[in-house]
1. Say each of Glu88 and Thr22 gets a label point 7 Å from the Cα, pointing the same way as Cα to Cβ; how far apart are those two points in nm?
2. With a 1.4 Å probe and all protein chains in place, put Asp197, Asp250 in order of accessible area, largest first.
3. Given H placed on each backbone N at 1.01 Å, which residues far from Leu200 in sequence or on other chains put an amide H within less than 5 Å of it?
4. Of Phe100, Phe17, Phe431, which has the most accessible area and how do the rest follow, probe 1.4 Å?
5. Do any trypsin sites (Lys or Arg not before Pro) in region 198-291 lie in a DSSP loop with no more than 12 other beta carbon atoms within 10 Å, and if so, which?
6. Which longest uninterrupted range of the chain lacks any GluC sites (Glu not before Pro) assigned by DSSP to a loop state (not H, G, I, E or B) and surrounded by at most 15 other Cβ atoms within 10 Å?
7. Which entries in the list Lys64/Lys96; Lys223/Lys334; Lys80/Lys151; Lys174/Lys345 go over 27 Å, if you measure between the two C-alpha atoms of each?
8. Pulled fully out, how much extra length does the chain show between Arg60 and Arg394, if you take 0.36 nm times their separation in residues and subtract their Cα-Cα distance?
Amino acid sequence: MIDIPTGNTASALALQFRLQQTQTLPLKEQSRLVDQRLTQLLLHALQTVPYYRNHPEIIRMQGKIDWQRFPILTRANLQKAGTTLQSESPPESHGKAYEFRSSGSTGRPVVSYSSDYAQMFWRAQTVRDHLWAGRDLSGHMAAIKYQAPEKARYPGVSQGHWGPASATLGYSGKMSTLNSIEPLELQYRWLTEIQPDYLLTYPSNLLELAKIHRRMGAQLSLKGISTLGETLTPEMRQYCRTAFSCRVADMYSSQEMGYMALQCPRHDHYHIQLENCIVEILDDNNAPCRPGQTGRVVVTSLQNYIMPLLRYEIGDYAIAGAGCDCGITLPVIKRVIGRTRNLVKYPDGRKSWPSYNPMALMDLVPDAQFQLEQVSATGIVVHLVSDNPPDKAREKQMMGIIQEAMGYPFEIEIRITNEIPRAASGKFEEFVCRI
């Protein structure tokens with residue numbers, strides 16, 4: 001009736017079994033395994049990555065690495081380092097390298113690289129997320145996410161599985177995808193037409209859909225909702241949970257790091273994905289925060305030997321957590337306070353998630369920091385921090401990129417500035433709507 005699994009399927013099943021073991025290990029054993037993996041990674045990075053091999057602070061340690069004093073890698077460091085952060089001799093067994101581009105939570109887009117090996121952990125933890133949330137992988141998943149302006153427009157696109165993570169394990173639940181640039185009213189209508197079991201989207205987008213649902217009250221029988229890419233506040237979670245009468249499970253991930261934390265199966269807090277990365281929450285003195293304290297998120301990928309990112313300050317804030325009674329012993333983040341986005345508003349009253357490609361802007365103005373601010377129904381100001389401001393020709397190209405992505409000829413003004421302030425919460429807002 002069945003064949004013995006081989007190849008990628010066998011590896012995926014074995015890794016999934018291993019994750020189920022490690023998530024309940026005693027803390028002492030988890031620490032031992034992490035220290036073992038970190039020691040291997042540090043040896044590789046110091047021998048084969050020019051950035052670390054030549055870093056003056058690391059050289060001064062004279063081979064006696066003090067992790068608490070190991071230099072923190074900022075996004076600015078990452079941008080300036082370029083190829084010096086790539087290994088000169090990555091393990092052949094880790095397979096092909098992949099480029100990732102991310103706008104991140106600081107408005108400074110970055111380029112990073114990962115491998116087939118690291119991607120296996122990404123897929124395995126995707127399945128873990130589904131299992132922790134209690135999803136039926138044979139059900140119908142709807143995803144409303146950012147796509148290029150010409151892709152996945154209404155009535156959307158469909159495929160016979162949720163992605164490579166579930167397909168490799170033999171699951172064939174339907175996945176329907178719609179571009180988040182579509183007006184919210186059309187997104188809601190699409191959901192009522194396809195009647196999915198589950199929904200995946202951004203918190204800000206979900207909140208607006210929940211408002212429409214409470215107003216319209218159409219038939220929807222969602223069994224669960226998953227959010228990503230932005231901050232899901234407790235207030236948003238409760239509002240959406242009440243509106244749709246189902247659980248809202250959030251995930252904390254990034255292109256550079258993969259999964260950093262997944263929501264607990266029993267509670268609203270998060271468990272750090274210790275098999276994939278070390279997550280430190282640090283105060284202003286770079287000391288670990290106590291449970292309940294808010295601090296900067298600093299992450300170390302344990303699986304990326306192509307471009308090791310050690311003590312990488314990702315630009316988010318989080319509240320440190322204590323232990324958990326769910327049976328999972330992985331460390332806890334009480335709450336993630338990361339990036340957020342407002343919704344863009346159009347002159348005709350429509351609202352949608354602000355789709356634009358920050359990497360296309362960075363190609364025109366390398367190493368820049370961007371923030372888009374909607375100041376009127378038809379006007380957007382682009383705040384730009386750069387040592388090499390664009391000329392008029394590049395400014396015109398930037399305007400075209402934003403207008404095309406947002407599907408409207410907004411009047412765009414580009415303002416050069418020395419600094420883009422964070423919100424009072426400490427978050428950086430990539431897009432701000434003032435109307």
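The values are calculated or read from the model by the stated rules, or taken from the named source; none is laboratory data. Quick caveat: nothing in here was measured; it's all calculated off a predicted structure. Methodologically, a virtual Cβ is constructed for each residue, glycine included, from the backbone with ideal geometry; neighbour enumeration extends over all protein chains shown. What goes into the accessible areas is simple: the full protein's heavy atoms, side chains included, and nothing from ligands, DNA or RNA. Shrake-Rupley method; radii C 1.70, N 1.55, O 1.52, S 1.80 Å.
1. Once both label points are built, they end up 3.0 nm from each other.
2. Asp197, Asp250
3. Ala142, Ala143, Ile144, Ser226
4. Working: Phe100 35, Phe17 125, Phe431 0 Å².
If we order Phe100, Phe17, Phe431 from most to least accessible, we get Phe17, Phe100, Phe431.
5. Here the trypsin sites (Lys or Arg not before Pro) that fit, given the DSSP loop and packing criteria, are Arg266.
6. Counting only loop sites that pass the neighbour cut-off, the longest clear stretch is 151-418.
7. Result: Lys64/Lys96; Lys80/Lys151; Lys174/Lys345 exceed 27 Å.
8. 115.9 nm
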